[in-house]
Amino acid sequence: MSKQVCGPLHSEIALEEKLLYYRKRFYSDSKSFHSFDDLAPDFNKKSDSIINARFSDEQFPQKNWKKYLSILTYLMNSKENKDFASFDEKIAFLIQAIDPELSIYFYFLGCGYSASASKESSRPIEKGLIDFIQSTVGCFDAQFLKYEEIYFRKVLKPKHIISHIHSDFSSHFFENCQSIHSFEEIRQIEFQLLSKKADYYRINCETPHSINTLCFNMNNPNSILELWNIPYKIIFFILVIDPSLEALRIYAEESQISGVQKRMMEEFGFYHEDFIRLEEMYRRKFFPEMKISEWEL
């Protein structure tokens, strides 16, 4: 008869096997996921109470797979878990207990990942993301990023402006701008409100002149900015990036597009051929008396 393996190493192996088993069971219910539409109104209050009682940082001072396993064990045990029956509730609870600040999702946004990037250029980013998930969750859970993204868009109501976004969110913004040919329907009171929002954004965003960060915040459906249409977003963009309409002055002073591009990149960190048109529309509507160059009549 072979001697049974025992000791600390055996215990670690047994726990890792248990982790794999519970994680497989947990995600087997994912087909019933309804994008967090099943969350009860009192979900946050209930989950906070249980997290503080059972899974607080004092009880689990280190983020490792043992805490992750303890949470999965609780969620999958119908005798212990009498509060969260649906998969929506369980995955939301797991996110709140493991990564309540959604640091994995924001790390992904901030790393500048692009689906069109080559495998060689994206591989270091993917490795960094895997390492970050492992350090945050305690082990690599490939599903976590997907559910955090949906949680952010459907559940989280951020009361702060998000900063340091490096992924390209500006291309889609400028594509949408092409369909706008005037601001005639925007009233003065709406413009004043957008100006106040722009002031708030510049104060509360750590990277207010990053156009990718700006476009992300403008298009975030949960954003406190509440910019509901494309004209609002264009006006807000100009108010934040170039309220003095310096781009129009650059365009008036330079005789060649290459000169405009160079100075725009130096001044604003970006160049887009449609931006001049948008600023000229903005000037005609809101500052018709403003002179851009000394040659204007």
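The values are calculated or read from the model by the stated rules, or taken from the named source; none is laboratory data. The shown structure was predicted, so the numbers you read here are calculated from the model rather than taken from an experiment. We place every Cβ from the backbone using ideal geometry, glycine too, and count neighbours over all the protein chains shown. The accessibility values were calculated without ligands, DNA or RNA, using every heavy atom of the protein model including side chains. Shrake-Rupley method; radii C 1.70, N 1.55, O 1.52, S 1.80 Å.
Quick notes
- When residues in segment 50-76 are screened for being open to solvent by 50 Å² or more (accessible area, probe 1.4 Å) and not basic (Lys, Arg), 7 of them pass.
- Residue pairs whose Cβ atoms lie under 8 Å apart, separated by 6 or more positions or on different chains, with the first residue in segment 79-98 and closer than 17 Å to residue 25 by Cα and the second outside any helix (DSSP H, G or I) and small (Gly, Ala, Ser), are 88/35; 89/40.
- Among the residues of segment 219-243, the one identified as without any contact (Cβ under 8 Å) to a residue 24 or more places away in the chain and of a type in the set (Phe, Trp, Tyr) is 228.
- Listed conditions (1) on the phi > 0 side of the Ramachandran plot; (2) over 27 Å from the mean Cα position of the chain (by Cα) are all met by residue 74, apart from (1).
- Lone qualifier among 277, 283, 263, 249 - being open to solvent by less than 50 Å² (accessible area, probe 1.4 Å) and among the basic types (Lys, Arg): 283
Yes/no per residue for (1) modelled with pLDDT of 90 or more; (2) closer than 30 Å to residue 219 by Cα; (3) of a type in the set (Ser, Thr, Tyr):
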{"position": "6", "(1), (2), (3)": "no, no, no"}
{"position": "33", "(1), (2), (3)": "yes, yes, no"}
{"position": "52", "(1), (2), (3)": "yes, no, no"}
{"position": "67", "(1), (2), (3)": "no, no, no"}
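- Residue in segment 112-131 that is within 17 Å of residue 68 (Cβ to Cβ) and at pLDDT 75 or above present: yes
- Those residues of segment 244-272 which are in a helix (DSSP H, G or I) and among the small types (Gly, Ala, Ser), in sequence order: 247, 252, 258, 259
- The single condition from (1) aromatic (Phe, Trp, Tyr); (2) open to solvent by less than 10 Å² (accessible area, probe 1.4 Å); (3) over 16 Å from the mean Cα position of the chain (by Cα) that residue 216 fails is (3).
- Qualifying positions in segment 94-110 - at pLDDT below 80 and open to solvent by 40 Å² or more (accessible area, probe 1.4 Å): 101, 106, 107, 108
- All conditions in (1) part of a helix (DSSP H, G or I); (2) modelled with pLDDT under 75 hold for residue 159, with the sole exception of (1).
- One residue from 145, 194 being more than 19 Å from the chain's Cα centre (by Cα), assigned to a helix (DSSP H, G or I) and not hydroxyl-bearing (Ser, Thr, Tyr): 194
- Residue pairs meeting the criteria (Cβ under 6 Å; at least 6 apart or on separate chains; first on the phi < 0 side of the Ramachandran plot and of a type outside the set (A, V, I, L, M), in segment 131-149; second assigned to a helix (DSSP H, G or I) and open to solvent by 70 Å² or more (accessible area, probe 1.4 Å)): 132/107; 140/134
- Test for residue 150: is it farther than 21 Å from residue 275 by Cα, in a helix (DSSP H, G or I), open to solvent by 70 Å² or more (accessible area, probe 1.4 Å) and modelled with pLDDT of 85 or more: no
- Of the residues 183, 169, 174, 216, the single one that is over 30 Å from residue 70 (Cα atoms) and touching an Asp or Glu at 6+ places or on another chain (Cβ under 6 Å) is 174.
- Residue 226 meets the conditions (1) open to solvent by 70 Å² or more (accessible area, probe 1.4 Å); (2) under 29 Å from residue 204 (Cα atoms); (3) assigned to a helix (DSSP H, G or I) in every case but one. The failed one is (3).
- Under the condition of being part of a loop (DSSP other than H, G, I, E, B), farther than 25 Å from residue 107 by Cα and either among the aromatic types (Phe, Trp, Tyr) or in contact with a His (Cβ under 7 Å, 6 or more places away or on another chain) (or both), the residues counted in segment 167-191 number 1.
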